[in-house]
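Engineer: Quick one: the structure is below, questions incoming.
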Amino acid sequence: MRLGGPSFWYADIGLPDTRRAALAGDAEADVAIVGAGYSGLWAAYYLKQAAPDLRVTILEKHFAGFGASGRNGGWLSGGFAWNHARYAQTAGVGPVRALVRAMMGTVDEVIRVAEAEGIDADIRRCDELLVATNPAQVARMQAECDHRAAWGEEARVHTIGPEETRARIAIPGALGAMVVTGTARIQPAKLVRGLALAVERLGVTLHEDTEVTALAPGRVSTARGAVTAPIILRCTEGFTATLPGLRRDWLPMNSAQIATEPLPPEVWDQIGWAGHEIVGDFDHTYCYCQRTREGRITVGARGVPYKFGSRLDHNGEPDAETIRRLTAILHRHFPAARKARIDHAWCGVLGVPRDWCATVGLDANGLGWAGGYVGTGVSTSNLAGRTLADLALGRQTDLTALPWVGRRPRRWEPEPLRWLGVRAMYRLYSAADRAEAAGGPPSRLAAIGNRLTGRA
Ligand SMILES: Cc1cc2nc3c(=O)[nH]c(=O)nc-3n(C[C@H](O)[C@H](O)[C@H](O)COP(=O)(O)OP(=O)(O)OC[C@H]3O[C@@H](n4cnc5c(N)ncnc54)[C@H](O)[C@@H]3O)c2cc1C
């Protein structure tokens, strides 16, 4: 089994043979972007579409797509994963519904650009299927469906019963599923690599092997020189805690995945899954799965959710216990794949703000940011990139009026409090899942966990 490196998606397409040139001395730009994941690349893409002469420079510590953008589960969901009511407290209900609509639109927009730019990212339109396997989960599923419908997703969310679920996918004990239409599956690294090439074609300067060491108004510092620019966009999501002064802004949350070997047709005959849906469940410690282009199953879930002191993983290598847990989920949901070899295991970090609500913005000093997507960055980063472009160009648009713009939640607590809080939250989630799997009613433990960390 391969570990990390940084993900199966690069084992699939190969790591870059050579890196792009690092920054060599001081330079000037109109917009400097820190981080070449989806957020930074989308921002650069839309900036150059709107203003082709703009000098846009991206500084990337490793290589374009090294972070979560090259490691994720490939769910292009357009889903709203945050707390509607929290945004509504400051913005009102209408603008939150506008944000929900904007999020739904990201799926078509990503696919439109991928087609226009000739990016082959194994994109396949499909439904999202979240399966409930015990009575407590059925209750949560119905509540979630009603909640999402009430906030504007009524046309794309519905539930199905056990027979219809089984007709789509043979997950043992499935009592029903929530179906979200209008979503898609992607190969993450192919998308980020294609985007990097697309922005270069538009004239963006992209430096790799260039670690930003400090950010100040008008100036980005690296060991190889500084870039001066009136607008600086910080697009480092789960890595933000490593930048000076930002250790407690967004918590680096870990997520891990495994990929099986390609499964033979007789195994697929047993599983079904002919619609290639992106599949998850209603556990509090939920999982996310995809059927890949060549018939592997990837299973993702939280590994060690958070490391003391906001530390990051080493080259995307998960620990043995995390791999065991992911494999157990694979065997539980897809017993027909029990004998399948696990070819790869990896992990990465995503960013979680203190209020668990994504944010994008640009302050009066020309310092911008995007992130805190809490696990839905594949689609959200596209909306963030379009919004950052409008903000950087000084345009007031429908996007810049959305309620996530300019949101500044308070910082996370110092250690050991944030480590204790997140650890306790996940322990409570696991206990709640065990109690519900034993046939118990919806457990209150998860709600206690959510209150501990302010998630809900
Ligand atoms: C395992 C996993 C599974 C996920 N699954 C899904 C999913 O299925 N669907 C979904 O919607 N979302 C998913 N997410 C979340 C999603 O992938 C991210 O939210 C999204 O990719 C973030 O993009 P980004 O460009 O903001 O950050 P990243 O892709 O993390 O890019 C940040 C970049 O900044 C660079 N950087 C960091 N520090 C510096 C520095 N000092 N100087 C210069 N560069 C620096 C990094 O090297 C990196 O390339 C998942 C995340 C993980 C980790």
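No value in this document is a laboratory result; all are computed from the given coordinates. These numbers come from a predicted model, not from an experiment. Here the Cβ positions follow ideal geometry from the backbone for every residue, glycine too, while neighbour counts run over all protein chains shown.
Engineer: Just give me the residues in region 20-63 being small (G, A, S), over 16 Å from L195 (Cβ atoms) and buried (at least 22 other Cβ atoms within 10 Å of the Cβ), in sequence order. Steps first, please.
Structural biologist: Step one: filter region 20-63 for residues small (G, A, S), giving 21-22, 24-25, 27, 29, 32, 35-37, 39-40, 43-44, 50-51.
Next, from what is left, pick out any that are over 16 Å from L195 (Cβ atoms): 21-22, 24-25, 27, 29, 32, 50-51.
A32, the sole residue that qualifies.
Engineer: Would you pick out the residues in region 404-456 that are β-branched (V, I, T) and over 30 Å from G368 (Cβ atoms)? Before the answer, list the steps.
Structural biologist: Of region 404-456, the ones β-branched (V, I, T) are 405, 422, 448, 453.
Residue satisfying the conditions is I448 alone.
Engineer: Which condition from (1) in contact (Cβ under 8 Å) with a residue 24 or more places away in the chain; (2) away from the ligand (no atom under 16 Å from the Cβ); (3) more than 24 Å from R71 (Cα to Cα) is the one that A143 breaks?
Structural biologist: Every listed condition holds for A143 apart from (1).
Engineer: List pairs: first residue in region 194-216 and under 16 Å from D17 (Cα atoms), second residue part of a loop (DSSP other than H, G, I, E, B) and more than 15 Å from the ligand (Cβ to nearest atom) anywhere in the structure, Cβ distance under 6 angstrom, at least six positions apart or on different chains.
Structural biologist: G194/I119
Engineer: Give the residues of region 362-409 that are hydroxyl-bearing (S, T, Y) and either more than 16 Å from Q49 (Cβ to Cβ) or in contact (Cβ under 8 Å) with a residue 24 or more places away in the chain (or both), sorted by residue number. Break it down into steps so the answer makes sense when it comes.
Structural biologist: In the first step, residues of region 362-409 are kept if they are hydroxyl-bearing (S, T, Y); the result is 373, 376, 379-381, 387, 397, 400.
Hits for region 362-409 are Y373, T376, S379, T380, S381, T387, T400.
Engineer: Quick check on G300: is it more than 30 Å from A167 (Cβ to Cβ), surrounded by 23 or more Cβ atoms within 10 Å (Cβ to Cβ) and touching a Leu at 6+ places or on another chain (Cβ under 9 Å)? I'd like the intermediate steps shown before the answer.
Structural biologist: On the way: more than 30 Å from A167 (Cβ to Cβ): no; surrounded by 23 or more Cβ atoms within 10 Å (Cβ to Cβ): yes; touching a Leu at 6+ places or on another chain (Cβ under 9 Å): yes.
No; evaluated as a whole, the condition is false for this residue.
Engineer: I would also like to ask the following. Go through region 49-92 and give me each residue that's closer than 30 Å to V204 by Cα, hydrophobic (A, V, I, L, M, F, W, C) and either in a loop (DSSP other than H, G, I, E, B) or without any contact (Cβ under 8 Å) to a residue 24 or more places away in the chain (or both).
Structural biologist: A51, L54, F63, A64, F66
Engineer: May I pose another question? In region 46-97, which residues are of a type in the set (D, E, K, R) and near the ligand (Cβ under 8 Å from one of its atoms)? Quick ask: steps written out before the conclusion?
Structural biologist: At the first step, the residues of region 46-97 found to be of a type in the set (D, E, K, R) are 48, 53, 55, 60-61, 71, 86, 97.
E60, K61, R71, listed by residue number.
Engineer: Scan region 148-191 residue by residue and report those that are under 19 Å from the mean Cα position of the chain (by Cα) and assigned to a loop (DSSP other than H, G, I, E, B).
Structural biologist: Once the filter is applied, which keeps residues that are under 19 Å from the mean Cα position of the chain (by Cα) and assigned to a loop (DSSP other than H, G, I, E, B), region 148-191 yields I186, Q187.
Engineer: So, one more: From the list A241, A259, which residue is small (G, A, S), part of a helix (DSSP H, G or I) and touching a helix residue (DSSP H, G or I) at 6+ places or on another chain (Cβ under 6 Å)? Quick ask: steps written out before the conclusion?
Structural biologist: Working: A259 fails: part of a helix (DSSP H, G or I).
Answer to the check: A241.
Engineer: Could you list, in sequence order, all residues of region 349-394 that are within 12 Å of the ligand (Cβ to nearest atom) and part of a loop (DSSP other than H, G, I, E, B)?
Structural biologist: A358, G372, Y373, V374, G375, T376
Engineer: A further question follows. Might you check whether a residue that is in contact (Cβ under 8 Å) with a residue 60 or more places away in the chain and part of a helix (DSSP H, G or I) occurs anywhere in region 12-21?
Structural biologist: Looking through region 12-21, at least one residue is in contact (Cβ under 8 Å) with a residue 60 or more places away in the chain and part of a helix (DSSP H, G or I).
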